[in-house]
Amino acid sequence: MILSNNKALNISVAGNRKATKWASSQMYWSEFIERIQNPVRSLETLAEYLKYSKTQQDDLKDVGGFVGGLLKDNRRYEKNVLSRDLIALDLDNIPAEGTNDVLLKIKGLGCAYAVYSTRKHEPVRPRLRVIIPTDRPLTLDEYEPVARKIAEMINISWCDPTTFQASRLMYWPSCSRDSQYICVHEDKPFLDADGILKLYNDWKNIDEWPRLEAEEKNHKKLADKQQDPTEKGGVVGAFCKVYDIHSAISTFLSDVYTATDDENRYTFARGSTFGGGVVYGNGLFLYSNHATDPAGHKLCNAFDLVRIHKFGELDYEAKDNTPTNKLPSYTAMAEFVIQDETVLTILNKQRYEIATSDFSKELVDPGDWFKLLSTSPQTGTPAKTIDNIVIILEHDPLLAGKIAYDEFANRGLVLGSLPWNNKNGKREWTDTDDAGFRHYLEKTYLITGKEKIFDAIMIVASKHSINDIKIYLNGLKWDGVKRLDTILTDYLGAEDNAYVRAVIRKSLCAAVARVYSPGIKYDYMPIFTGPQGIGKSTFLSKLGKSWYSDSLNTFDGKEAAEVIQGKWINELGELNGLSKAETNAVKQFLSKTDDVYREAYGRRTVSYPRRCVFFGTTNDNEFLKDRTGNRRFWPVTVGVIPPIKSVFKDLDAEIDQIWAEATAQWQVGEQLFLTGQELEQSKIEQESHRETSIKEGIIREFIEKEVPEEWNRYTKEQRLAYWSFEHKTYDGNLVKRDRICVAEIWVECFKKDMSNIKRYDSIEINSILASFADLERFKYPMKFGDYGNQKGYRIRTTL
């Protein structure tokens, strides 16, 4: 094609609308006209095409396209438009049968042009594309005012509102198989760009640009349709709550936009035009009409406006149609935003309210304590540190003041309802609470880390240690009426004597002492023996209140130590059922002033000073198995006389005063052990309640029998003969024994052969001999006639 007015034009082309690279090329105006002469026709009819979905229609009309100018880096962004050689206008709102009117209007411009119909064109609903070459390349700022002025000359109301964008792609012509296709052109001089610009008083003043009536309304309508950004969640909502368009510009973009005389208008400072930034929605949105503005032709809230200007370059390589919150600029903006303390506080409050809605039916105001938390510079979420967890435990309204440490029981305490357990009141912190707290931290604060969470709980709980028994005792005031010494007599019918009074006074004072001085030495256990049903256990249970226990049934290792934690009065019931070995275990257990063990999941062994005392109860009169070593037990026989008060009816009213008196007695120096007559009486009581064997009497009688002076020289046969018949007729001098051994008892007393003695027999006889107060065991084996050297006993003539 030969044209009088022809020159090479710079255009950018791509094979389809999804292309990320648009190739720069030069094409003569004549070549361009030839290119649009023949449309690509598809097989469907126009009627069928119009029934297709938008995606199907887009795919059919996408036969490649062009932008009438050069693009920086071959990327089709508005800000990348380097120059425009072609004006391109889509006329989508032409009146029915108005094609000729349009062509006449364009012809009247007096410059070169080409017009071709677009995909949905039909005579009754014309759709045309107007292409006008300019006599010089237009800058990005110049393109829109020139295009709008040309549109005004034709009839701007026929134009698509978005057709003035410099980066807008135009498809090469295509149509359905039965569609009318129009393509006309005129060989005239190219459009005088400067002449068009001179038609304005100041083409840089956007207010002078011709506009469609609907444009301003559309922007406002679009703003009205948008969700209020201050109501959004996450960083966008938090930022927009703090900054509207005006404050965002003054704080972050003062070098990007400058104010105008109209408070709702701004000028893009880096462009040529002015006044193109229009504020909508009382400062919620800005629409920039500046072509060179990176935020141009977009309705932006404050977050997006700052994001685009500060970090928009990061999206340069992002794929088209990438969701905004997936763009690199969004990530960078989010990191930037959370450095603002006010925004971060709002953000954390939002997260808190959303997360806690799963745990609490009522909306909880978290307050302003979030600023105390250290946060991740990338996400703004609380850092996973022990310090943060401690802060959360002490300030979160659903947690604050709810976690403590029971100093008496050496256990964690819950002091009220928690997000994962709405049970009110005081209770023990359990493994379920560990799990519940970890879940709450993860969901509400995105914090994980079992070890750190455990450490923080320990720190906070220890800060808030409580000792309920100490609080209880401190709150008592003794009225001065003596009750303590006689409560065993008054309630359980024990004999009223100095020993009984001392036992109950010292044992309850010891209980008080171990509250105020854990681990204080006290290794005694009163034992109440008497008829069943008189209230021995009830008496102890009422005295011990909620700190009473009768669950101790083992005395070995960690299990026993764990059972007594948190208990003050421990009852050992039915002591008559204990074996001698178990009795020895009890004595050893009583002698401890602390318990050293490692708790389940504990990291190290810990010493827990004793904070409790022990009492025994039994219905049996003989319950002490050991023939010696019963000093730790203080037996008291109850049910001897009728009690004057009822354990079941009267004791509750006096318990506080009993403990008040015990506390007062301890404070004035009550000793925790027996002395003098009370100590001697304890020995008598121990002996009277010791389990005895019939062999004891036999052996005692045998030892006390006098023997001939030469007894130690007698052979075994002579001794047996003497005991068989000679002792009845012996008329020599008789003397008291000065020694005795097991072998003598076995052979001479029990008439047994030494070959039949078992270890148990030897132990039993030795035990009986050792229990006699007038026998003293030799340090070394002594000669015992035919029995040889034996570990015997010396018999003292006086006690």
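Find how much the distance from ILE694 to GLU97 grows on full extension, using 0.36 nm per residue of separation minus their present alpha carbon separation; answer in nm with one decimal. Show your work: numbers first, answer last.
Details: separation 597, 0.36 × 597 = 214.92 nm, distance 13.46 nm.
Separation in residues times 0.36 nm, less the Cα-Cα distance, equals 201.5 nm.
For the chain, take the longest principal axis of its alpha carbons; what is the angle in degrees between that and the long axis of helix 694-704, to the nearest 10 within 0 to 90?
It is inclined by approximately 40 degrees.
For segment 744-788, what's the radius of gyration and Dmax over Cα atoms, in angstrom?
11.3, 30
Over the C-alpha atoms of segment 484-688, what are the Rg and the largest Cα-to-Cα span, Dmax, in Å?
Spelled out, the Cα radius of gyration and Dmax of segment 484-688 are 16.4, 54 Å.
Between ARG270 and SER465, what is the label-point separation in nm under the 7 Å Cα-to-beta-carbon projection?
Between SER465 and ARG270, the simple spin-label model gives 6.3 nm.
Could you line up TYR280, TYR257, TYR181 from fewest to most neighbouring Cβ atoms inside 10 Å? Can you show the working numbers first?
On the way: TYR280 20, TYR257 26, TYR181 17.
Final ranking by Cβ density, sparse to dense: TYR181, TYR280, TYR257.
In angstroms, what radius of gyration and Dmax does segment 191-250 have, counting Cα atoms only?
Reported Rg and Dmax, both Å: 18.2, 51.
Using the Karplus equation 6.51 cos²θ - 1.76 cosθ + 1.60 (θ = phi - 60°), what ³J(HN,Hα) coupling, rounded to whole Hz, does each residue of segment 340-353 give in order, writing x for Gly and Pro?
7, 4, 5, 4, 4, 4, 5, 4, 5, 5, 4, 4, 4, 5
For LYS54, which aspartates and glutamates qualify as cross-link partners when the Cα separation must be under 14 Å and same-chain residues fewer than eight apart are set aside?
ASP62
Taking 0.36 nm per residue of separation and subtracting the Cα-Cα distance, what length does fully extending PHE252 through ASP207 add? Display every interim value, and only then the final one.
Numbers: separation 45, 0.36 × 45 = 16.20 nm, distance 2.59 nm.
Taking PHE252 through ASP207 to full extension adds about 13.6 nm, to one decimal.
In the P(r) worked out for segment 146-209, what percent of Cα pairs fall beyond 17 Å?
On the way: 1232 of 2016 pairs.
So the pairs more than 17 Å apart make up 61 percent of the total in segment 146-209.
Highest mean first, what order results for 321-332, 421-432 on Cβ atoms within 10 Å? Present the calculation step by step, with values, prior to reporting the outcome.
Details: 321-332: 14.0, 421-432: 12.1.
So the order, starting with the most tightly packed, is 321-332, 421-432.
If you take every DSSP beta bridge whose two residues both sit in the chain, what share of them, in percent to the nearest 5, is antiparallel?
Working: 64 of 88 bridges.
Rounded to the nearest five, the antiparallel share is 75 percent.
Starting at the first residue of segment 636-650, write each ³J(HN,Hα) from the Karplus equation 6.51 cos²θ - 1.76 cosθ + 1.60 with θ = phi - 60°, in whole Hz, x for Gly and Pro.
Taking θ as phi minus 60°, the curve returns 9, 7, 10, x, 7, 10, x, x, 9, 10, 9, 4, 7, 10, 9 Hz for segment 636-650.
Relative to the first principal axis of the alpha-carbon coordinates of the chain, what is the inclination of helix 580-590, with its axis defined by its Cα atoms, in degrees from 0 to 90 and to the nearest 10?
60
Could you give the length gained by full extension between ASP738 and ARG177, i.e. 0.36 nm per residue of separation minus their alpha carbon distance, to one decimal place? Can you show the working numbers first?
Working: separation 561, 0.36 × 561 = 201.96 nm, distance 13.98 nm.
In short, 188.0 nm is gained.
Hey, could you grab the Kirkwood Rh for segment 248-401? Inverse mean 1/r over distinct alpha carbon pairs, Å, one decimal.
Values: mean 1/r = 0.0559 Å⁻¹.
Roughly 17.9 Å, rounded to one decimal.
Kindly provide the trypsin sites (Lys or Arg not before Pro) of segment 229-311 that DSSP labels as loop, not H, G, I, E or B, and whose Cβ sees at most 16 other Cβ atoms within 10 Å.
On the way: sites: LYS232, LYS241, ARG265, ARG270, LYS298, ARG307, LYS310; in loops: LYS232, ARG270, LYS298.
In loop regions of segment 229-311 (DSSP not H, G, I, E or B), the sparsely surrounded trypsin sites (Lys or Arg not before Pro) are ARG270, LYS298.
Along the Cα-to-Cβ line of ARG17, 7 Å from the Cα, sits a label point; which residues in segment 307-332 have backbone N less than 18 Å from it?
319-323
Quick one: if you stick a label point 7 Å off each Cα along the C-beta vector at LEU43 and GLU562, how many nm between them?
Using points 7 Å along Cα→Cβ, the separation is 7.9 nm.
Under 15 Å from the 7 Å Cα→Cβ point of GLU706, by amide nitrogen: which residues of segment 729-764?
Only 729-738 pass the distance filter.
What FRET efficiency would be calculated for the residue pair GLN378, ASN474, taking the C-beta separation as r and a Förster radius of 41 Å, to the nearest 0.05?
The formula returns an efficiency of 0.20 here.
At a 10 Å Cβ-Cβ cut-off, how would you order GLU687, GLU97, GLU661, fewest neighbours first?
Values: GLU687 15, GLU97 11, GLU661 25.
So the ranking, lowest neighbour count to highest, is GLU97, GLU687, GLU661.
Using the Cα atoms as the points, what is the convex hull volume per residue of segment 382-455 in Å³? Walk me through the numbers on the way to the answer.
Working: hull volume 6.4 nm³, N = 74.
Per residue, the Cα convex hull of segment 382-455 comes to 86 Å³.
Relative to the longest principal axis of the chain, what angle (0 to 90°, nearest 10) does the C-alpha long axis of helix 759-771 take?
Approximately 70 degrees, to the nearest 10.
Give me the distance in nm between label points sitting 7 Å out from Cα along the Cα-to-Cβ direction at ASP387 and LYS758, one decimal.
Computed distance between label sites ASP387 and LYS758 equals 7.2 nm.
Quick one: give the max-minus-min coordinate of the C-alpha atoms of the chain along each principal axis, largest first, in Å.
173, 64, 45
Once phi is turned into θ = phi - 60°, what whole-Hz ³J(HN,Hα) does the Karplus curve with 6.51, -1.76 and 1.60 give for every residue of segment 466-475, x standing for Gly and Pro?
Residue by residue, segment 466-475 yields 9, 9, 5, 5, 5, 4, 4, 5, 5, x Hz.
Tell me the net charge near ASP431. Cut-off is 15 Å between Cβ atoms, ASP431 excluded, with +1 for each Lys or Arg and -1 for each Asp or Glu.
On the way: positive: ARG411, ARG427, ARG438, LYS450; negative: GLU428, ASP433, ASP434, GLU562, GLU599.
So the environment of ASP431 carries a net charge of -1.
Taking the Cα atoms of segment 607-723, what is the range of coordinates along each of the three principal axes, in descending order and whole Å?
The principal-axis extents, from largest down, are 72, 37, 31 Å.
Convert 37 °C to kelvin, take the viscosity as 0.692 mPa s, use the Kirkwood radius over C-alpha pairs of segment 214-337 as Rh, and evaluate the Stokes-Einstein diffusion coefficient in µm²/s, rounded to a whole number. Present the calculation step by step, with values, prior to reporting the outcome.
On the way: Rh = 14.6 Å.
Answer, rounded: 225 µm²/s.
Mind grabbing the base-10 log of I(q)/I(0) for segment 91-201 at q = 0.15, 0.16 Å⁻¹? Debye formula, identical points on the C-alpha positions, no solvent, two decimal places.
-0.65, -0.74
Most exposed first by the Cβ proxy, i.e. fewest other Cβ within 10 Å, how do LYS728, LYS371, LYS587 rank?
With the sparsest Cβ surroundings first, the list reads LYS728, LYS371, LYS587.
What net charge is computed for the residues neighbouring LEU46, neighbours being all others with C-beta under 14 Å from the C-beta of LEU46, Lys and Arg scored +1, Asp and Glu -1?
Working: positive: ARG41, LYS51, LYS61, ARG119, LYS120, ARG125, ARG127, ARG177; negative: GLU44, GLU48, GLU122, ASP178.
Combined, the nearby Lys, Arg, Asp and Glu give +4.
Tell me, rounded to the nearest percent, the portion of alpha carbon pairs in segment 670-714 spaced more than 12 Å apart.
On the way: 750 of 990 pairs.
Roughly 76 percent, rounded to a whole number.
Considering Cα pairs under 8 angstrom that are at least six residues apart, work out the relative contact order of the chain and quote it in whole percent. Don't skip to the answer; put the middle values down first.
Numbers: 1361 pairs, mean separation 58.0, N = 799.
Once divided by the residue count of the chain, the mean separation gives 7 percent.
Give the calculated FRET efficiency between GLU34 and ASP368 to the nearest 0.05, with a Förster radius of 60 Å applied to their Cβ-Cβ distance. Don't skip to the end; give the middle numbers.
Values: r = 71 Å, r/R0 = 1.18.
Working from the Cβ atoms, E equals 0.25.
Just need the Rg to Rh number for segment 414-539, please, alpha carbons only, Kirkwood Rh. It would help to have the intermediate numbers written out before the result.
Working: Rg = 22.5 Å, Rh = 19.1 Å.
Rg divided by Rh gives 1.18.
If I take R0 = 51 Å and measure r between the Cβ atoms of TYR730 and SER517 in this structure, what FRET efficiency does the formula 1/(1 + (r/R0)^6) give, to the nearest 0.05? If you can, show how the numbers build up before the last one.
Working: r = 65 Å, r/R0 = 1.27.
The computed FRET efficiency comes out at 0.20.
Please provide three numbers in whole Å: the alpha-carbon extents of segment 694-795 along the principal axes, with the largest listed first.
Between the extreme Cα coordinates on each principal axis of segment 694-795 lie 36, 28, 28 Å.
Taken together, the values in this text are just the output of simple stated rules run on the coordinates, not laboratory data. In this text, all values refer to a predicted model and were calculated from it rather than measured experimentally. All Cβ positions, even for glycine, are placed from backbone atoms using ideal geometry, and neighbour counts span all protein chains on display.
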